[in-house]
Structures are given as structure tokens and as C-alpha cells.
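Down below is the structure, laid out as C-alpha cells.
What follows is calculated from the coordinates using simple rules that are stated; it is not laboratory data. Being a predicted model, the structure only gives us computed values, none of them experimental. Here the Cβ positions follow ideal geometry from the backbone for every residue, glycine too, while neighbour counts run over all protein chains shown.
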Amino acid sequence: MNSRNLFYVRSLQVKFYFKKNEIVKTLFFLENYLFSLLKQSDEDLVIKLKVKWIYDQIKNNNYTNELTKNLNVFRDEILKKQILNLIEFFSNVIEEKELNNIFDIFKKINSIFNSIIKYSGSNFVTSVYFQFFQYIYRDDFKNIGELKKGFLNNQMQINDKFEDIFNEVFFKFYILKKKKLTKSLYLFYLLISFFKKNESKIS
């Protein structure tokens, strides 16, 4: 599985935390695949059909095509059950337009996501805010005013630096300035945060 098949934040997390953890790498791959469907079509029905297809492939242990061969680790029966639940919740969020309802569904998605990471043997916890904002960004959510009102001053507990910096850049540029969150922009702010951390240690 190539890092190009992962969202750039996830790619860094794999590099630093999960080099040998195939379950988490595959989970991140599936997350990226599902979220990338949002840019492939404006039709909710088309997206839902593609989600249903990947659901059926995993359910039937069909890991022979170009995409599903990357998901072979989900043959594990415990993993399969959790993954299918995760995909079902994601399918529910596609047609949902109310921001609070979307966030409530993502709480459930995040809970399953973290239980799978724990099952893999890791104590890493991914933030529901990071997953939610990543989805909102990739879905090109139109009601920016609603996002500002609901989350701009929200006290978010985010333990991972990679996810925390994404959320910072998300609000600073996408929410307030409606600018694209490029990988180079994200890395720039990530490097600044590391420099600040090192300076505080020295002082």
C-alpha cells in the first residue's frame, strides 16, 4: 500500500506511529477511499452505490480486484464486523445536510475507528474533530457560517500533534478565508509548531 493512497495527515501518522501495523494502515486506506468518493460525484446516489459495493466486497470476502486487494486484513471476523458497521454509518452521513446530525454520526464512526485501532494493539486515539473536519473539507461543505458558529470557539481536546495542526489550519484558512488546505501549507504550520516546541524546551 502506497502512502499516496492516504490522506497526507494519515501518511505522516503511519510513518511515525504505524510502520508495521497493517490493520491501522488498511483502516486509514479505507477512510481515504470513502472520503475521496465525495469528490468523484455530486450525486448522493452514486456515492451510496459505491459505498454499498465496497461493503459487499468486504462482507463476501472478495479481495481479488485492484481496490479490495488492499483490504485483505479485514478477513478477520472481528475486524470485518466493525468495518461493516463503520461503512454503514458512513453511508448514513452522505445524504445528511444538518451539521449537528453529521457530527453525531461521526461520533459513532470515530468510536468504531478507535476500537479497531485498539484491537490492532495500539493505544493511539484519533480525534472525532479531525475526522469530522477532514470530511467537511473534502465534501466542500457549503454552510461555512454554521461551522463558525458551531465549532470556531469550541474547546477541542486533540492529543495528536498532526491532527491538531490540521484543525488549526482548517479554521485559519478554510473556515475564515475559504482557501484550499494544501499539503505544503499544512507542513509549513507543522514545522512551525515543532520549532516552537523545541524553543520552549530550550528556554
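Which of the GluC sites (Glu not before Pro) found in region 2-63 are loop residues per DSSP with 12 or fewer other Cβ atoms within 10 Å of their Cβ?
Here the GluC sites (Glu not before Pro) that fit, given the DSSP loop and packing criteria, are E43.
Taking the Cα centre of the chain as the origin and placing charges on Cβ (Lys, Arg +1; Asp, Glu -1), which of Y189, N32, F18 is farthest toward the positive end of the dipole?
The Cα lying farthest towards the positive end belongs to Y189.
Compute the helix-to-body angle for 77-94: its Cα long axis versus the longest principal axis of the chain, expressed 0 to 90° and rounded to tens.
Between the helix axis and the principal axis of the chain, the angle is about 70 degrees.
So what J values fall out for region 136-146 if you push phi through Karplus, 6.51 cos²θ - 1.76 cosθ + 1.60 with θ = phi - 60°, rounded to Hz, Gly and Pro as x?
With the stated coefficients, region 136-146 comes to 4, 5, 6, 7, 6, 4, 7, 8, 5, x, 5 Hz.
Classify region 3-202: rounded, prolate or oblate, from the alpha-carbon gyration tensor (a ≥ b ≥ c, eigenvalue square roots; a/c under 1.5 rounded; otherwise prolate if a/b is larger than b/c)?
oblate
For the chain, which span is the longest to avoid every loop-located (per DSSP) member of trypsin sites (Lys or Arg not before Pro) having at most 15 other Cβ atoms inside 10 Å?
Value returned for the longest uninterrupted segment is 21-96.
Convert each backbone phi in region 8-16 into a coupling constant with the Karplus relation 6.51 cos²θ - 1.76 cosθ + 1.60 (shift: θ = phi - 60°), then list the ³J(HN,Hα) values in order as whole Hz, x for Gly and Pro.
4, 5, 5, 4, 5, 5, 4, 4, 8
With +1 on the Cβ of every Lys and Arg and -1 on the Cβ of every Asp and Glu, and nothing else charged, how large is the dipole of the chain about its Cα centre, in debye rounded to the nearest 20?
700 debye
Check each of the GluC sites (Glu not before Pro) in region 52-121 and keep only those in coil by DSSP with at most 13 other C-beta atoms within 10 angstrom; list them in order.
E66, E95, E98
Just to check I understand the Karplus step: with θ = phi - 60° and J = 6.51 cos²θ - 1.76 cosθ + 1.60, what whole-Hz values come out for region 45-61, glycine and proline as x?
So the Karplus estimates, Gly and Pro as x, are 5, 4, 5, 5, 5, 5, 5, 4, 5, 5, 4, 5, 4, 5, 4, 9, 6 Hz.
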